[in-house]
1. Can you pull out the residues in the stretch 154-193 that are touching a helix residue (DSSP H, G or I) at 6+ places or on another chain (Cβ under 8 Å) and either surrounded by fewer than 16 Cβ atoms within 10 Å (Cβ to Cβ) or within 18 Å of residue 298 (Cα to Cα) (or both)?
2. Test residue 174 against the criterion of being farther than 24 Å from residue 267 by Cβ and either of a type in the set (D, E, K, R) or free of Cβ contacts under 8 Å to residues at least 12 places away in the same chain (or both), and give yes or no.
3. How many residues are at pLDDT 75 or above, part of a loop (DSSP other than H, G, I, E, B) and under 15 Å from the mean Cα position of the chain (by Cα) if we restrict to the stretch 112-163?
4. So which pairs qualify, if the first residue must be in the stretch 52-63 and within 14 Å of residue 30 (Cβ to Cβ), the second must be surrounded by 12 or more Cβ atoms within 10 Å (Cβ to Cβ) and charged (D, E, K, R), the Cβ gap must be under 7 Å, and the two must be at least 6 apart or on different chains?
Amino acid sequence: MKFIQTLLFFAFISTSLMAQKPNSFLIYSVKGSVTVTEDKQSSKAQIGKLLTDKSKITIGPNSLVSIICNENSLFSLVKPGAYNMVQFKDSCLVNKSSITSNYLKFIWNQLTTPKGNPEKNRKSYMNNLGAVSRSNISIWIDSRLDTINYYNGSFPISWKCYSDVTEFDFQLFEPGSKSIFKKTITTGTTVDIAEFAGKLKNNTPYNWTLKAKDEENTEKKVLIKWDKASYSKLVAKFRAANERFETEAEQSFRLGFLLESARFYSEAYQYYKNAAQLSPDTELYNKTLEAFRKDYHIE
């Protein structure tokens, strides 16, 4: 009995300490006149600025701000007035949406780390990770390409070769193992999906293989072409996953991240590019776009 009472006591103490832990806030998006006051000093609200429970934020007319709390929840302030951040503790409840939680953690990390490394950090916050897989003796293929979802656009299937082989055979199979596309690559280490996209039927899983000349390969990867209605429904779901204020550039970047996580690489690339074009001065967008191109061998 004493043992149980001791456990309950320490559980109570632990819960109390967690409840007393102060919240941390990160400014995610700003529109209009928004100021932050700390230690009686006021300054213009800036994306990436960290706030505490003791901070005060003032929203001007026709202005608003979106804030990430504790890396896991997002809320917006849209009504003009002055607010003490401590009053938003209920808005810091854990975001139960698996769609956006990794994205919020990624953004928090990038905006609070002086020298972020998007080419590594981006991938570490995605669920489609895996070690680089070896398809045969000479060829290594990134495991993120084990399954590719595709709707439209141009995207290269790429690989690395660790021998002096310069000729590769790519082959695409429909269900039942019937080959419907073959190509011998003698220049480079990529083949563009757009080259055979016209042969793909919607919502059908296809297999593809790649082998170096005079080598064998029985390892098959998967590619699925989505129909317009299903893809549009997925994008709409991703858009609706965040009901808080975002600029068009911020939304495009978020959609790029979510689509890449869902293995829609061609489509993710378009959204990453759009974010960088809409906000060319945002270092995170430019570095992520550069890293994406490097990861997937996009010239």
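1. The answer is 154, 155, 156, 157, 158, 180, 183, 193.
2. The answer is no for residue 174.
3. Of the residues in that region, 2 qualify.
4. Qualifying pairs under 7 Å: 63/31.
The values are calculated or read from the model by the stated rules, or taken from the named source; none is laboratory data. In this text, all values refer to a predicted model and were calculated from it rather than measured experimentally. Positions of Cβ are generated from backbone atoms using ideal geometry, with glycine treated the same way; all protein chains shown enter the neighbour counts.
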